[in-house]
Structure formats: structure tokens, C-alpha cells
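Here's the structure, in C-alpha cells; my notes come after.
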Amino acid sequence: MRVMDEQYTKTPFYGVPRMTELLRRSGYSVGHKRVARLMRVMGIQGICPKKNLSKPAEGHRKFPYLLRRLTIDHPNHVWATDITYIRMRSGFLYLVGIMDWYSRYVLSWRISNSLENLFCIDALDEALATRQPEIFNSDQGSQFTSDSFISILEDREIRISMDGRGRALDNIMIERLWRSVKYEEVYLKDYMSVRDAVEGLGRYLHFYNNERLHQSLGYKTPSEIYFKER
């Protein structure tokens, strides 16, 4: 799973056949069924169809994608959320983040050892404590299509947008965040415990928001853009 996580971050278009062959070339005796099972545990699949960490639950509502051809030109115009797999020395965790699309500012985050939606709701509540977006974008995973999650947004009259299935670039900003988190933090560390992961990710995301210069932001930090232009 560690090898698969690193490879998938580099090549998210790798599905079960390619991932199986890569592992075999690396000396692992695995078959397609085992690789497919591990990818389900990790919540990944090739981006055709789109990768996701959970499939929509039966009966959950879906919403159209609202960002196509939309000019996002100010903070709190659009927020985006997603979940990613975080490896540890023994075991793994899931990380959810909520980001302001315009400034790349990470508004809140939580980790969990399961894909139940409570950690996603906690992150949403924190992000909404002092501000709210006009549009909230997510994938169609069951965490984000559940009534308990959707109702929080609808009660605040926030427009809901969801990625189209099979469209890898619909939530591109937070996908770029996950690449940075993994290459600049997770892959350089070897978390021994949940506490280590929380502390390490907390330090990194503070650095990401307040110190890391972003070329796409004119070499400013997300916090400079988010708080100055808000």
C-alpha cells in the first residue's frame, strides 16, 4: 500500500492492471484481485473513471457541477473539499480538507481511521464557524452526499456543486494540495502514531497557509491572498 500510494500520487491514471504490473516489477507477488481490494481500502481507482474515496450511497442526492466556465475571482466564492489516504508506519488514516479555491487557503482539516462522515462534518462546522462560501464543491462520495452533510449547506443557502463522474480535473485545486501534502510532508516522514500524524500535518498545513510561497499566487501565501482580498 505504501508503494501504491506513492505511485498513485505520481500517476493517478494507473488502474488495477498497471498497478499490478508495477508491483510485480518491484518484486511483489500479487494478483489483480488483491490489488483491487487494496485500492478499495485506500479509496483510489484510476481517474477513468474518476478516482474517489467512496462511492455514492443508494438514495443520496447528487448535484450538478457548477464551476465549468465559472470565473472564480474572490475569496469565499468557492470552497472545495476532498479526502485523501495518509500512510503511517503501521496502518493508515484518512485526511479531509476544506480549501478556499481562489486563495488556496486551507480553512479546516480533520483525520480519521475510517470513512464515516463524522470527521467531514466536524471539518465543515469549523470552516463555517466564521465565514461561508457562495458555492461548495465536492465529489459524489457518500460522506458529502449524506443528508447530515448536505443539510448544513442547505440551511445556510450555500449552492452545492459536485464533480462529474469520470472528470479528473473538476476538483483540481485540492488535488494539487494533496500532492504538496504528500511530497513535502507525508513521504518525508514516517508517522509512528495518530498523534505524530496530527502534529506533523498540523505543522505542514500551517506552513502551507502562512509561509509557503505559491507561484500561481504571484509568490504570495494563501493567507495573504485570503485575508487581504476577503
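Other residues lying with their Cβ under 11 Å from the Cβ of residue 5 contribute a combined charge of +3, Lys and Arg counting +1, Asp and Glu -1. Mean residue ellipticity at 222 nm, helices only, the chain: -11500 deg cm²/dmol; runs of at least 4 DSSP H residues each add -39,500 (n - 2.57), and the sum is divided by the number of residues. Database remark: amide H of residue 110 closer than 5 angstrom to the amide H of 96 (H placed geometrically; neighbours at sequence offset of 5 or more, or on other chains; Pro and chain starts carry no H). Based on protein heavy atoms only, the chain ends up with 50 Å² per residue of surface accessible to a 1.4 Å probe. With no solvent and one point per C-alpha, what does the Debye sum give as log10 I(q)/I(0) for region 182-230 at q = 0.21 Å⁻¹? Results for region 182-230 at q = 0.21 Å⁻¹ read -0.74.
Between residue 230 and residue 90, the modelled labels are 4.1 nm apart [label points 7 Å from Cα along Cα→Cβ]. Antiparallel beta bridges, as assigned by DSSP with both residues in region 78-230, represent about 70 percent of the total such bridges. Extension gain for residue 68-residue 195 works out to 41.8 nm (0.36 nm per residue, less the C-alpha to C-alpha distance). The 3J(HN,Hα) values that the Karplus relation (6.51, -1.76, 1.60; θ = phi - 60°) gives for region 185-192 are, in residue order, 9, 4, 6, 8, 10, 9, 4, 8 Hz. Gly and Pro appear as x. Rounded to the nearest 20 debye, the dipole size of the chain about its Cα centre is 1120 debye, using +1 on the Cβ of Lys and Arg and -1 on the Cβ of Asp and Glu. Packing, taken as the mean count of other beta carbons within 10 Å per residue, orders the peptides 15-28, 70-83 from highest to lowest as 70-83, 15-28. The 3J(HN,Hα) values that the Karplus relation (6.51, -1.76, 1.60; θ = phi - 60°) gives for region 109-118 are, in residue order, 7, 8, 10, 8, 9, 9, 9, 5, 8, 4 Hz. Gly and Pro appear as x.
Near residue 186: Cβ cut-off under 14 Å, other residues only, Lys/Arg at +1 and Asp/Glu at -1. The net charge is +1.
Using equal-weight Cα scatterers in the Debye expression, the normalised intensity of region 55-165 in log10 at q = 0.13, 0.16, 0.18 Å⁻¹ is -0.47, -0.70, -0.89. Note on the chain: percent of Cα-Cα distances in each 10 Å bin, starting at 0 and stopping at the bin with the largest distance, equals 7, 32, 37, 19, 4, 0. Scalar couplings 3J(HN,Hα) for region 82-97, obtained by applying the Karplus form with A = 6.51, B = -1.76, C = 1.60 to θ = phi - 60°, are 6, 10, 9, 8, 10, 7, 10, 4, 10, x, 7, 9, 10, 10, 10, x Hz; x denotes Gly and Pro. A protection proxy built from the mean count of other Cβ atoms within 10 Å ranks the segments 88-101, 207-220, most packed first, as 88-101, 207-220. Once the Cα atoms of helix 194-210 and of the chain are each reduced to a long axis, what angle between those two axes, in degrees from 0 to 90 to the nearest 10, is obtained? Approximately 50 degrees, to the nearest ten. Amide H to amide H, which residues 5 or more places from residue 160 or on other chains are under 5 Å from it, using H placed in the peptide plane? Residues meeting the amide H criterion: 136.
Of the peptides 137-150, 176-189, the ranking by mean beta-carbon count within 10 Å, highest at the top, reads 137-150, 176-189. Can you give the Rg/Rh ratio of region 130-230, where Rg is from the C-alpha atoms and Rh is the Kirkwood radius? Reported Rg/Rh (Cα atoms, Kirkwood Rh): 1.01. What does the net charge come to around residue 206 if you take all other residues with beta carbon closer than 12 Å to its beta carbon, with K and R at +1 and D and E at -1? Computed value for this residue: -1.
Against the chain, whose longest principal axis is taken from its Cα atoms, helix 172-184 shows a tilt of about 60°.
The values are calculated or read from the model by the stated rules, or taken from the named source; none is laboratory data. Predicted, not measured: the structure shown is a model, and the values here were computed from it. Here the Cβ is made from the backbone with ideal geometry for all residues, glycine too, and neighbour counts use every protein chain on show. Calculation scope for accessible area: heavy atoms of the full protein, side chains included, ligands and nucleic acids excluded. Shrake-Rupley method; radii C 1.70, N 1.55, O 1.52, S 1.80 Å.
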